[in-house]
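> Quick one: the structure is below, and I'll ask about it shortly.
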Amino acid sequence: MAEEKGTVEPMSIDVGRGTRTTDVRKVDRVVIRFAGDSGDGMQLTGDRFTSEAAAFGNDLATLPNFPAEIRAPQGTLPGVSSFQLHFADYDILTPGDRPDVLVAMNPAALKANIADLPAGGMLIVNTDEFTKRNLTKVGYASNPLEDESLSQYQVHQVAMASITRAALEPTGLSKKDAERAKNMFALGLLSWMYHRETEGTERFLREKFAKNEAIAEANILAFHTGWNYGETTESFAVTYEVAPAKLATGTYRQITGNTALAYGIVAAGQCAKLPVFLGTYPITPASDVLHELAKHKNFGVTTFQAEDEIAGIGAALGASFGGALGVTSTSGPGIALKSETIGLAVMTEMPLVVLDIQRGGPSTGLPTKTEQADLLQAMFGRNGEAPVPIIAPRSPADCFQAALEATRIALTYRTPVLLLSDGYIANGSEPWLIPNVEDLPDLSVQFATEPNATDGSGEFWPYLRDPETLARPWAVPGTPGLEHRIGGLEKADKTGNISYDPDNHDKMVRIRQAKIDGITVPDAEIDDPSGAARVLVLGWGSSYGPIGAACRRVRRLGMDVAHVHLRNLNPFPRNLGEVLKRYDKVVIPEMNLGQLAMLIRAKYLVDAVSYTKVAGLPFKAEELQDVLIDFVKGLDA
Amino acid sequence: MTAIDLGLPQLGGLAGVPTFDGKQTAKDYKTDQEVRWCPGCGDYAVLAAVQSFLPDLGLKRENIVFVSGIGCSSRFPYYMNTYGMHSIHGRAPAIATGLATSREDLSVWVVTGDGDALSIGGNHLIHALRRNVNLKILLFNNRIYGLTKGQYSPTSEEGKVTKSTPMGSLDHPFNPVSLALGAEASFVGRALDSDRKQLTEVLRAAAEHRGSALVEIYQNCPIFNDGAFDVLKEPGEREERIVPLRHGEPIRFGADGQHGVARDPKTGTLKVVEVAEVGEDNLVVHDATIEDPSYAFALSRLGNHNLDHTVTGVFRNVQRATYDDLARHQVEQAKAAKPANLGALLRGKDTWSVAAD
């Protein structure tokens, strides 16, 4: 570290110099939130700190939170962008409820985030932005840095912009450009405080600004300036060490949900030995799946940015008809547009993977915020009886396996499959234990090659089913002798000819339902360490982290609680009904108004209790802990 | 014109589609399904024309796919003994785009109608044409909604009295050829259901064209819009109205070839003239390969919805790289540049290891 500092120009500010010893305190976990204007580079800053924490071997979880506007008016509350990072020396489940450290780059960031900082928490503010004008813009009557309103926090006032500007003066960069590097100053300061390596960030900045060496070096200088500021000023008496986490043996990388999903699709194509065809239309927060897949054409991946959501899924279904792995990616509003084509895929019984990265709804709703409110849309959002399997990943890294599982079901059962991720896990990241390619499942499929009619006619019957899976044959164009026509009209059993016969329709509706009901899915796993719990908390999808963390907290307080987290939402695991009946109380927390609870109550006649919040943000472990304690105590009373 | 020059040899529309060595007849393309169009429907004639011309292409039947949307004409795939999909209202071009892009070895045909292609599916049609996907789109235009029992369509003439417009329709209709040319379709043709010879010529040219080919087929609906195109079929009338296009020949029509098409020196656009007045040398010699679509567009504007002058034949037939060829080329380029290594992809650049205790 000392060698690193040697390369930095002396700062032109009057700070105490020379090596000084600070106390080093070992902590098991820390939550840092970087908050600033959406133009301040907070996402980049958070990402970088995350990469260093990952490289150091901490377990981590992140929560980016940004406005839907690309550049909301500067310095306003709607323009605040933040990135929260939780890193620890043990396995953690969430990005943390409340920050231990809040870095606020301007008054708006302070105002929007201060309520989340617990008393005694550390607040680092960029004082340069606390001008009368900026304070007025967000409704501060007086400067909170000068009145008593922040007295309950450890406040560090740092003139980040002017120090950075002064430090960068020798580079000849304009004042404006120099000030833009203040986020790297903040990163440097935090990196010092938490004993992070600096080489990774230097390398990253040199790569990122490879086309402009001056900018790269200026950012590195700003980063070092922040590091030195911590080292040399007296204001920070303590630094912190968070040791590497003892995770399962193996090789890890940091990954976001959308990247994991895209990798899962690439891997699924390889495991199925099929070309992948993604037909899609850009939509927040799903577009990164398209961006990522577009980079991997060398794996036989074709990405088609269609004219609309309907064309995206239509093209994917067309590719499936031709024998490719058809995939479409979208968010809730896109699912609404795609529902007719999903229905056609149900009727024509062709494989199709539909990725829904849920966001706040209804309508345009909250594009950059998270929600789990598309479950019933996924389950029922089509005309007629149109059952579709549903898979929901539980964490960013789990998106990889969920994509493989969705593909397995789509190919095995010749059906569209809906995968419900959401904005929280799509943009959030965590360490991922990288799987060995040899351990990935074999998803290879058998196309039909021969006529199959059972009446000796030598014909091909496209709706003759596999007795085990009820899947129909997948006969792709180009196969001689199997020419056939499919479509949205009702099909006669076996032959697949158009049929308006009432009894046939009744039969086909039931067969399509039975096929989905009969899909093999893993049993629900119960997390009930003491085996003595009477309260079961049942969750699905991205709430795994907060629910799991809340259960741990409840148990640490000496109470018993069981947790089941559903990845397969249609069909449910076979053992679910029996599991639910073992508990005196079933609590279902959801980021909607009780959609899973409705399904569970209807299917199992269990008096499940719904706990819901639709605030655009994930649950906090703390609030779920309180809810669960109430239920546990309520039963005991 | 081509935005991306691949340096690839110029391909025909059917390049890459396996050929059949034996003899095929129209019968080979018929299915055992009972054809369920109304008696006298123009669709029968088109079906017969397609079934009898396909054997001439000499393709393997299993490598031909018909994709349709919803409407009377969209039943077409059920009657073709090829692969087929009867899909969703308006969406056939999108579905066919995915199929054609992922399978170079297929000859993909879209069958659609004026409602399917121009109302609910208007967006997909123009984008398929813009991209120049190697699809042959047969647009059956009967200027009416048949399957929903007789509402006006986006090609119905203004003031059309139907069940949904008892006081007359208010909308200005589309001219499908003009629309396709506006989207810079690389091949646009028009034919009548009743003129088997010309229909077959246009279909064959479309099949041989690499890229999107739109063929508008005027088709009679005997139930809800009977006789809509009768003036183009009646002896005496038809010669005065139909302006047939032949590549490389002066544009002339009339029983004795007395009418023709010439440039209006004042406006630069095209107009119908009397050959005797302007002289044969001043007639426009039809060239379907002119890059600028405004020439073909001007041809499409010679007549109006009253069918006074109805231009038929191939308006435009130009070469432009197709979306599907380009998309496949990108995949091949990427494969050649960087062999697929899933392990390396999953590992990425920054990893760390946790060792066993």
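> Could you list, in sequence order, the residues of the range B:213-248 that are under 30 Å from B:T322 (Cβ atoms) and either touching a residue at least 60 places away in the same chain (Cβ under 8 Å) or surrounded by 13 or more Cβ atoms within 10 Å (Cβ to Cβ) (or both)?
B:A213, B:L214, B:V215, B:E216, B:I217, B:Y218, B:Q219, B:V243, B:P244, B:L245, B:R246, B:H247
> Every residue in the range A:233-244 that is open to solvent by 10 Å² or more (accessible area, probe 1.4 Å) and either closer than 30 Å to A:W432 by Cα or in a helix (DSSP H, G or I) (or both), please.
Across the range A:233-244, the qualifying residues are A:Y240, A:E241, A:A243, A:P244.
> For a quick check of your reading of the model, give me the residue pairs whose first member lies in the range A:120-131 and is under 19 Å from A:Q152 (Cβ atoms) and modelled with pLDDT of 95 or more, whose second is open to solvent by less than 10 Å² (accessible area, probe 1.4 Å) and of a type in the set (V, I, T), with beta-carbon atoms closer than 6 Å and at least 6 apart or on different chains.
Taking only residues 6 or more apart or on different chains, the pairs are A:M122/A:V101; A:I124/A:V103.
> Then there's this: Taking B:S294 as the residue in question, decide whether it is open to solvent by less than 50 Å² (accessible area, probe 1.4 Å) and of a type in the set (S, T, N, Q).
no
> Any idea which of A:F299, A:F321 is open to solvent by 10 Å² or more (accessible area, probe 1.4 Å) and either charged (D, E, K, R) or out of contact with any Asp or Glu (no Cβ under 7 Å at 6 or more places or on another chain) (or both)?
A:F299
> While we're on this one: What single numbered condition from (1) crowded, with 24+ Cβ neighbours inside 10 Å; (2) at pLDDT below 95 fails to hold for B:G71?
Of the numbered conditions (1) crowded, with 24+ Cβ neighbours inside 10 Å; (2) at pLDDT below 95, the odd one out for B:G71 is (2).
> Tell me, yes or no, whether the range A:208-228 has at least one residue that is within 8 Å of another protein chain (Cβ to nearest Cβ) and farther than 30 Å from B:H127 by Cβ.
Scanning the range A:208-228, I find no residue that is within 8 Å of another protein chain (Cβ to nearest Cβ) and farther than 30 Å from B:H127 by Cβ, so the answer is no.
> Here's something else I'd like to know. If you go through the range B:159-173 one residue at a time, do you hit one that is touching a strand residue (DSSP E or B) at 6+ places or on another chain (Cβ under 8 Å), in a helix (DSSP H, G or I) and more than 17 Å from B:A96 (Cα to Cα)?
no
> So which of A:L352, A:L290 ends up being modelled with pLDDT of 95 or more, within 25 Å of A:A272 (Cα to Cα), among the hydrophobic types (A, V, I, L, M, F, W, C) and open to solvent by 10 Å² or more (accessible area, probe 1.4 Å)?
Among A:L352, A:L290, only A:L290 is modelled with pLDDT of 95 or more, within 25 Å of A:A272 (Cα to Cα), among the hydrophobic types (A, V, I, L, M, F, W, C) and open to solvent by 10 Å² or more (accessible area, probe 1.4 Å).
> Every residue in the range B:334-344 that is in a helix (DSSP H, G or I) and either touching a strand residue (DSSP E or B) at 6+ places or on another chain (Cβ under 7 Å) or more than 8 Å from every other protein chain (Cβ to nearest Cβ) (or both), please.
Answer for the range B:334-344, where residues must be in a helix (DSSP H, G or I) and either touching a strand residue (DSSP E or B) at 6+ places or on another chain (Cβ under 7 Å) or more than 8 Å from every other protein chain (Cβ to nearest Cβ) (or both): B:A336, B:A344.
> Residues that are under 21 Å from A:G200 (Cβ atoms): find the helices (runs of 4 or more DSSP H) completely inside the range A:29-141 holding 3 or more of those.
Correct list: A:42-56.
> With the checklist (1) within 27 Å of A:T415 (Cβ to Cβ); (2) open to solvent by less than 50 Å² (accessible area, probe 1.4 Å); (3) in a helix (DSSP H, G or I); (4) in contact (Cβ under 8 Å) with a residue 24 or more places away in the chain in hand, flag the one item A:L635 doesn't pass.
(1)
> Of all the strands (runs of 3 or more DSSP E) wholly in the range B:219-324, which have at least 1 residues that are within 23 Å of the chain's Cα centre (by Cα) and on the phi > 0 side of the Ramachandran plot?
B:310-317
> While we're looking at this one, here's another question. I need the full set of residues from the range B:101-122 which are touching a residue at least 24 places away in the same chain (Cβ under 8 Å) and at the interface with another protein chain (Cβ under 8 Å from one of its Cβ atoms), in order please.
B:T101, B:D105, B:L106
> Would you confirm, using the coordinates I've provided, whether B:R36 is open to solvent by 10 Å² or more (accessible area, probe 1.4 Å), in contact with a helix residue (DSSP H, G or I) (Cβ under 8 Å, 6 or more places away or on another chain), more than 8 Å from chain A (Cβ to nearest Cβ) and of a type outside the set (D, E)?
When the stated conditions are applied, B:R36 passes them.
> Taking the residues in the range B:121-166 that are β-branched (V, I, T) and under 27 Å from B:N317 (Cα atoms) as candidates, determine which candidate is surrounded by the fewest Cβ atoms within 10 Å (Cβ to Cβ).
B:I126
> Evaluate the following for A:I255: is it buried (at least 19 other Cβ atoms within 10 Å of the Cβ) and either aliphatic (A, V, I, L, M) or touching a Pro at 6+ places or on another chain (Cβ under 7 Å) (or both)?
For A:I255, the condition - buried (at least 19 other Cβ atoms within 10 Å of the Cβ) and either aliphatic (A, V, I, L, M) or touching a Pro at 6+ places or on another chain (Cβ under 7 Å) (or both) - is met.
The values are calculated or read from the model by the stated rules, or taken from the named source; none is laboratory data. Bear in mind that the values here come from a model prediction, so they are computed numbers and not experimental data. Note that each Cβ is placed from the backbone with ideal geometry, even for glycine, and that neighbours are counted across all protein chains shown. Side chains included, ligands, DNA and RNA excluded: accessible areas come from the protein's heavy atoms. Shrake-Rupley method; radii C 1.70, N 1.55, O 1.52, S 1.80 Å.
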